[in-house]
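See structure below.
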Amino acid sequence: LSMCSKICYAIGGAPNQVAGSAASFFLQIYLLDIAHITPFHASLVLFIGKASGAVTDPVAGFFISKSRWTKIGRLMPWVLACTPFTIISYFLMWYLPPFVSGRVAWYLTFHCLFQALTTLFQVPYSALTMFLSTDQKDRDSATAYRMTMEVLGTLIGASLQGQIVASAHVSPHCTVNPSVNTTDSWHDTPSIPDPSDPLSHQVIYMIAAGVIAGVYLLGIVVLFLGVKERDDPYALNSDRAIPFCKGLALTMKHGPYVKLTASFLLISTAVQLEQGNFVLFCTHAAGLRNHFQYLVVTILVSAVVSVPFWQKFLQRFGKKCAACGISWMIPFAVMLVTIPNLILAYFVAFVSGLSIAASLLLPWSMLPDVVDNFRLQNPHGKGHETIFYSSYVFFTKMSAGIGLGISAAGLEFTGYKPGICRQSDDVILTLKLLIGAVPAILILLGLFILLFYPITEESRKETKLALEELR
């Protein structure tokens, strides 16, 4: 597998992360402080949107598994067909409609559409790993390229969005230190300009959405021109495709897959909670409202530069051993919650980036090993790759949706008020829990489950030799 093919494959995954990153970091604060919908309605938008994307995963897997081979492959047509509709739905998701009463329905509709359409891209794109090469080292290398580019895409999305829209979330009214005799009127000082001002809201967010849509289109063009999809290289002509429902039942009984999915389901939920609430935490709980965009960039730059390190680490010490790096963010996040210091915040952002890189690289590097293990146990079946990838994405999206929905509902319960400079003590405590204690517990539980993951480096090599014998 040539380096050019690996790079083009990696670039193809970046647009989804660019758009997803902007939504993960900024959609919640946009809904609360710009669109001025209640935290409860924001939680509905976030949860139902993620749930719709999750439900689309097995549906996409079913139809993709039924697809026939074309001149450009079996998976590539799905990637190309959903791209224009994804761009349109993303653009409208950041539009501030002139009416107020129907805003919740507007954002719910287009967030659901965006999540469902990105699923139609993500499932065939991620399954494409299995159709690039039969060699495990090639696939691991392509995955490392892909994750480096996807984390870079996350950085680009958060940076573009953060730099363009930061002015909509900063107000001189909230940067001054209140006097000792602070009155309640200071608490009600708007932290953002008037919502009817098009310059600070609609125009700024439309510019950000337009720039990211352009990046999305460019990445898909590179993927299509630079990657050649190969037909199933493992299957014999006599092999039959596994029916989707039967294949789904078999995957749910496959021990390595169940343990891997359960572990990273919890870990990805923790990362999503960090992403979804980090900007709110910096703005309202840590006194860092003028630094949040730079802290986000620090996290993502750290993640980008550390992906090659983690790839070398897992090659030398094994994939399960590399999972220990995910836990690095826990003590530093707790320190940030208890000591909200600016210098400490940047250090925490750097260490969190290292952990996030490990949490992104490992599941996608380990999933092909699970697929190979399954193929060895079911040597005369084919077409199960999309089942594995679609159901994995389903579980991770559903868990992230539940986590974000619960966090937004928690803000509603504790009395979050959009557009004020200082939130209540209960809201601040909730944000601290969502950044510190809750992700720490989820990560520790996920790593505990991963201890029982049965595929080791030795068994992986044995599987590789056995598959070569079958071929």
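The values are calculated or read from the model by the stated rules, or taken from the named source; none is laboratory data. Keep in mind that what you see is a predicted model, and the values were worked out from it rather than measured. No Cβ is skipped: glycine too gets one built from the backbone with ideal geometry, and neighbour counts run over all protein chains shown. In case anyone asks, the SASA skips ligands and DNA or RNA and just uses the protein heavy atoms, side chains included. Shrake-Rupley method; radii C 1.70, N 1.55, O 1.52, S 1.80 Å.
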If we scan region 225-234, do we find a residue that is modelled with pLDDT of 85 or more, open to solvent by 30 Å² or more (accessible area, probe 1.4 Å) and not assigned by the TED database to the domain that holds Tyr453?
yes
Enumeration of residues in region 106-147 that are touching a Leu at 6+ places or on another chain (Cβ under 6 Å), more than 21 Å from Cys82 (Cβ to Cβ) and open to solvent by 20 Å² or more (accessible area, probe 1.4 Å)
Asp138
Has region 281-288 got at least one residue that is buried (at least 23 other Cβ atoms within 10 Å of the Cβ) and not in a helix (DSSP H, G or I)?
yes
Those residues that are touching a helix residue (DSSP H, G or I) at 6+ places or on another chain (Cβ under 7 Å), crowded, with 21+ Cβ neighbours inside 10 Å and more than 14 Å from Gly405 (Cβ to Cβ), I need them from region 38-75; list them, please.
Thr56, Asp57, Ala60, Gly61, Ile64, Ser65, Leu75
Which condition number in (1) touching a helix residue (DSSP H, G or I) at 6+ places or on another chain (Cβ under 6 Å); (2) surrounded by 20 or more Cβ atoms within 10 Å (Cβ to Cβ) is the one that Phe85 fails?
(2)
Filter region 373-384 for residues that are assigned to a helix (DSSP H, G or I) and at pLDDT below 85; which is surrounded by the fewest Cβ atoms within 10 Å (Cβ to Cβ)?
Gln377
I'm trying to understand the selection: among the residues of region 297-324, which are without any contact (Cβ under 8 Å) to a residue 24 or more places away in the chain and more than 26 Å from Ile156 (Cα to Cα)?
Arg316, Phe317, Cys321
Let me spell it out: the conditions are (1) more than 30 Å from Val371 (Cβ to Cβ); (2) open to solvent by 10 Å² or more (accessible area, probe 1.4 Å); (3) of a type outside the set (Val, Ile, Thr); (4) free of Cβ contacts under 8 Å to residues at least 24 places away in the same chain, and Pro97 meets all of them except one. Which number is the exception?
(2)
